[in-house]
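Asker: Could you have a look at this structure, given as structure tokens, before my questions?
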Amino acid sequence: MAATLWSEDFLGGTGRTRDQQVLTGPFAHKTGNWTIKGGVTEGKFLTRDLGRPSEPVALPTKDELAWAMNEKVYGAAPWDSTVASGFRNRLEGWMSGGDEPWCNHNRVHRWIGGHMLGGSSPDDPVFWLHHAFVDLLWDRWQHKHPKATYLPKSKLGAGDPQSGRAISLAEPMPPWNVKPSELLDHRDLYRYEA
Ligand SMILES: [Cu+2]
């Protein structure tokens, strides 16, 4: 909680107990000129609940991340978010069983709390740092498993419960109609320094 990330001159800290309102740093509504306009919630102020002190949650561990990174296949049938195998779900699924089913990416959202919990999560600037790291993990996973491919490879049948939800390799994704196959190699857009 004392990490530099949450300091006054970077992202600001956690929210106060009463309403989880962030009161420090540049994104505090009262002092930082940062107004939430997403309309998902009524509040105009940014909220956080770092570590959820009322019922503490832990950040993902090194071993939990390695469990995802060491997985050899990208995804597995029936393609929903509860499948326990596959890199996608180990990085960001909701497997049943265990006392903390939110995997790696999701657990960070939950640990930060407040706006980061739901559809309004991009309203917290830390969202972009978190997702930049998830993008890096995707790149690292591809290098670690060069023979692995994005899955599902072909379009799921119309009767499949995940049809239209688990997007296959060459299927356009709404709303921008970009295909996963067009996004496998990011090097035309950005590169990581070695
Ligand atoms: Cu996320």
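Asker: Summarise the long-distance tail of P(r) for the range 127-194 by giving the % of C-alpha pairs beyond 15 Å.
Answerer: Percent of Cα pairs beyond 15 Å in the range 127-194: 63.
Asker: In debye, nearest 20: dipole of the chain around its Cα centre with unit charges on the Cβ of K, R (+) and D, E (-)?
Answerer: 200
Asker: Another question, then. First measure r as the distance between the Cβ atoms of D160 and W67, then evaluate 1/(1 + (r/R0)^6) with R0 = 22 Å and state the FRET efficiency to the nearest 0.05.
Answerer: E(calc), rounded to 0.05, equals 0.20.
Asker: For every helix of n ≥ 4 consecutive DSSP H residues, a contribution of -39,500 (n - 2.57) applies; sum these over the chain, divide by its total residues, and give [θ] at 222 nm rounded to the nearest 500 deg cm²/dmol.
Answerer: Counting only the DSSP helices, I get -6500 deg cm²/dmol.
Asker: At 7 Å along the Cα-to-beta-carbon direction for both H131 and E182, put a label point, then send me their distance in nm to one decimal.
Answerer: 1.8
Asker: Can you tell which of I112, A58, P122 lies farthest toward the positive end of the dipole of the chain, using +1 and -1 charges on the Cβ of basic and acidic side chains (Lys, Arg; Asp, Glu)?
Answerer: Of the options given, the answer is P122.
Asker: If you don't mind, there's one more thing I want to ask. Quick check on packing: order 103-113, 125-135, 139-149 by the mean number of other C-beta atoms within 10 Å, highest mean leading.
Answerer: In decreasing order of mean packing, 103-113, 125-135, 139-149 become 103-113, 125-135, 139-149.
Asker: Still on this structure, I have one more. Considering amide H positions built from the backbone, and no H for Pro or chain starts, which residues 5 or more places from L156, or on another chain, come under 5 Å of its amide H?
Answerer: Amide H to amide H, under 5 Å and 5 or more residues apart or across chains, L156 pairs with G164, S168.
Asker: Roughly what percent of Cα-Cα pairs across the chain reach past 25 Å?
Answerer: 46
Asker: Rounded, prolate or oblate: pick one for the range 14-82, where a ≥ b ≥ c are the square roots of the eigenvalues of its C-alpha gyration tensor, a/c under 1.5 means rounded, and failing that, prolate if a/b is larger than b/c, else oblate.
Answerer: Prolate, since a/c reaches 1.5 and a/b exceeds b/c.
Asker: Checking the a/c ratio against 1.5 first, then a/b against b/c, what shape does the Cα gyration tensor give for the range 81-159?
Answerer: prolate
Asker: Next question. How high is the relative contact order of the range 1-142? Use alpha-carbon pairs under 8 Å, at least six apart in sequence, and give a whole percent.
Answerer: Once normalised by length, the contact order is 18 percent.
Values in this text are rule-based calculations from the coordinates and carry no lab data. Predicted model only: the values in this text are computed from it and were never measured. No Cβ is skipped: glycine too gets one built from the backbone with ideal geometry, and neighbour counts run over all protein chains shown.
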